[in-house]
1. Against the condition closer than 25 Å to residue A:94 by Cβ and either surrounded by 19 or more Cβ atoms within 10 Å (Cβ to Cβ) or out of contact with any Pro (no Cβ under 8 Å at 6 or more places or on another chain) (or both), how does residue A:117 come out, does it pass?
2. Scan the stretch A:131-140 and give yes if some residue there is within 14 Å of chain B (Cβ to nearest Cβ), out of contact with any Leu (no Cβ under 7 Å at 6 or more places or on another chain) and within 28 Å of residue A:209 (Cβ to Cβ), otherwise no.
3. Out of all the residues in the stretch A:21-42, is one or more within 14 Å of chain B (Cβ to nearest Cβ), touching a Lys or Arg at 6+ places or on another chain (Cβ under 7 Å), closer than 29 Å to residue A:213 by Cα and at pLDDT below 95?
4. Just to be sure, is residue A:16 crowded, with 23+ Cβ neighbours inside 10 Å, of a type in the set (Gly, Ala, Ser) and within 25 Å of residue A:219 (Cα to Cα)?
5. Go through A:165, A:175 for me and flag whichever is at pLDDT 90 or above, farther than 30 Å from residue B:220 by Cα and within 13 Å of chain B (Cβ to nearest Cβ).
6. Determine the pairs where a residue that is in a loop (DSSP other than H, G, I, E, B), located within the stretch A:51-73, has a partner that is hydroxyl-bearing (Ser, Thr, Tyr) with Cβ atoms under 7 Å apart, the partner being 6 or more residues away or on another chain.
7. The conditions are (1) facing chain B (nearest Cβ under 10 Å); (2) of a type outside the set (D, E, K, R); (3) more than 16 Å from the chain's Cα centre (by Cα), and residue A:65 fails exactly one of them. Which is it?
8. I'd like to know if the stretch A:192-203 contains one or more residues that are more than 21 Å from residue A:38 (Cα to Cα) and either at pLDDT below 90 or among the β-branched types (Val, Ile, Thr) (or both).
Amino acid sequence: MLIGHRPKEFLLAVEALTVSFDGFKAVNDLSLYVEENEIRVIIGPNGAGKTTVLDLICGKTKATSGSIQFRGKELTKLKENQIVQAGVGRKFQTPSIYEDLTVFENLEISFPRGRTVFGSLTFQRDAAVKDRVEEVAEMIFLKDRLNVYADQLSHGQKQWLEIGMLLIQNPDLLMLDEPVAGMSVSERAKTAELLNRIIKDRSVLVIEHDMKFVEDIAHKVTVLHQGQILSEGTMEHVKNDPKVVEVYLGH
Amino acid sequence: MIINSRFFNRSELIGFVALALLLFVILPLTLDVFRLNLVAKYLTYAFVAIGLVLCWGYGGILSLGQGVFFGLGGYCMAMYLKLEASSVANTKIQSTPGIPDFMDWNQITALPFFWKPFHSLTFTIAAVILVPGIFALIIGAAMFKRRVGGTYFAIITQAVAAILTILIVGQQGYTGGINGMTDLRTLHGWDIRTDHAKFILYFVEVVLLFGCIVAAQFIRLTKLGRILVAMREKEDRVRFSGYSVANFKIFAFCAAAIFAAIGGAMFTLEIGFMSPSFVGIVPSIEMVIYTAVGGRMSIFGAVWGSLLVNFAKTSLSESFPQLWLFGLGALFIAVVLAFPDGLSGIWRDYVQPHIDRLIASRKSKARWADGSVADGAPAE
């Protein structure tokens, strides 16, 4: 009887993941496990492969070898839009929003319905859509700006809008690439508050440089260096790891 | 006229009514049949331009090969008309009576298999839509699924236009070669060469044009229209919001191809022939210029652009045939540099505000007149 030995189910299990660009291994034999409702922060010096890891999970970059299991699905074999439909959401480093559309329209496009060509032709802006858009807009502090074109927003507001576009998708795994970069101190605090509110029903994978912010939100921290894991554990553990101090925090 | 006020906003409604007045009433009443037929010819390009507004203006997919679809639609229609004009009675002096004259000249003795279905008008009308539509689907799927986009896509569409021209010219026996298909006479027994027929065909064309305007406006207002804009701006964001970007691009490209094909078929009917000179690179680029001049984000602008540039082309190339192409090139550069939104942008930025101000001042004058009666009314 092996029932008692059944391994714990991870939401995301990255195993032996490798990607090489012209022989340069940006991510090298990386294994990473994220549990349900966990906030995991990835830190590391420039060029450590942090963004590449997110690119690999969301399908933007194809892995050379290794596997990415998400809820039992092998993501390396899926297309980007199928990975999104499986429940993975990705926020890019620079705010990636549609500036020629209004805040409402930006959020509406991410509403998970009518994603086929025919579906989008017959898509109706019904009460369910409106309510959900308004609900998310309130969470991301943009409730009174719904009819404003997105190019009118400040940098911080654009970042929130993109987070909102991900929230409306309701992903099980939310991946954020430097969500507070370029934000003012007050915007940063609001973003931390926002993130803490939205992680209730999902796991979050965050890349961040701002150590204060990392300490505020992280359950567990993974330190990447040259495409490999240098250290992993609580913020306390990582901070006192001599290897980490040497390559990253000490600088 | 009953138009849902949400379907067109106020300025679009004005544009719609103005265009309908011009095309349905003013031009047919003021122009003789010869000039009206010229307008009909210009308007066939408006179909292409409307397609380009969706595909290029909204979707950001620049196709420099719309002549291909214009030509395919036109050739499908021409094949039907040519077969009808090549009845045994009409062609009894040929060595093989009952086949188109150019086949006889090229020693072809039997109608090729792909010509045979074009005896049927129903098949022909379906083919006008489906042949270019399916061809666009194949090109679109081959390119967009492989993420070929931007300038690369534009260059490939040019290559396709060049290839199709060479193919048509080279396969004289099947296509009529460089001369195209000429001497077209009747549509299901109805002589299309008479003034009366040209008058009727003009109205058929304008009705179809308004059909395309409404269809394009419908697409623009659905979520698909907004996804096209989103895709043009941040393709990756759309992809990572769960959409298959390639499918949406294929849709826009096919829709533009079908609009172009309807224009091409109407061209054949109005002008009475079809030739490779409407398929190649130069006509394809001219079609993009009509769209750019009209304003690539404006469906009505596309129609105006096609009308005005072609009008200028006719009047200028009559007097200065050598200079016209330079003029066209200069116009394109000027539009791109100075007025990226074309005529519709000029209207929106310079004319519309004056009209609004005029209306506003008239309203406030009226209010002032009222106020002067009830003396001392507080200023707004």
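The values are calculated or read from the model by the stated rules, or taken from the named source; none is laboratory data. Bear in mind the structure is a predicted one, so any value in this text is a computation, not a measurement. Glycine also receives a Cβ, built like all others from the backbone with ideal geometry; neighbour counts cover every protein chain displayed.
1. Numbers: closer than 25 Å to residue A:94 by Cβ: no; either surrounded by 19 or more Cβ atoms within 10 Å (Cβ to Cβ) or out of contact with any Pro (no Cβ under 8 Å at 6 or more places or on another chain) (or both): yes.
Here the answer is no, as residue A:117 does not meet what is asked.
2. Residues of the stretch A:131-140 within 14 Å of chain B (Cβ to nearest Cβ): A:133, A:136.
Now narrow it down to the ones that are out of contact with any Leu (no Cβ under 7 Å at 6 or more places or on another chain): none.
There is no residue in the stretch A:131-140 that is within 14 Å of chain B (Cβ to nearest Cβ), out of contact with any Leu (no Cβ under 7 Å at 6 or more places or on another chain) and within 28 Å of residue A:209 (Cβ to Cβ).
3. Going residue by residue through the stretch A:21-42, those that are within 14 Å of chain B (Cβ to nearest Cβ) are none.
No: zero hits.
4. Working: crowded, with 23+ Cβ neighbours inside 10 Å: no; of a type in the set (Gly, Ala, Ser): yes; within 25 Å of residue A:219 (Cα to Cα): yes.
Considered against the rule, which asks whether it is crowded, with 23+ Cβ neighbours inside 10 Å, of a type in the set (Gly, Ala, Ser) and within 25 Å of residue A:219 (Cα to Cα), residue A:16 comes out as no.
5. Numbers: A:165 fails: farther than 30 Å from residue B:220 by Cα.
Criteria check complete, one pass: A:175.
6. A:61/A:52; A:63/A:18; A:63/A:76; A:64/A:18; A:64/A:20
7. Failed condition: (1).
8. Going residue by residue through the stretch A:192-203, those that are more than 21 Å from residue A:38 (Cα to Cα) are none.
No, every residue in the stretch A:192-203 fails to be more than 21 Å from residue A:38 (Cα to Cα) and either at pLDDT below 90 or among the β-branched types (Val, Ile, Thr) (or both).
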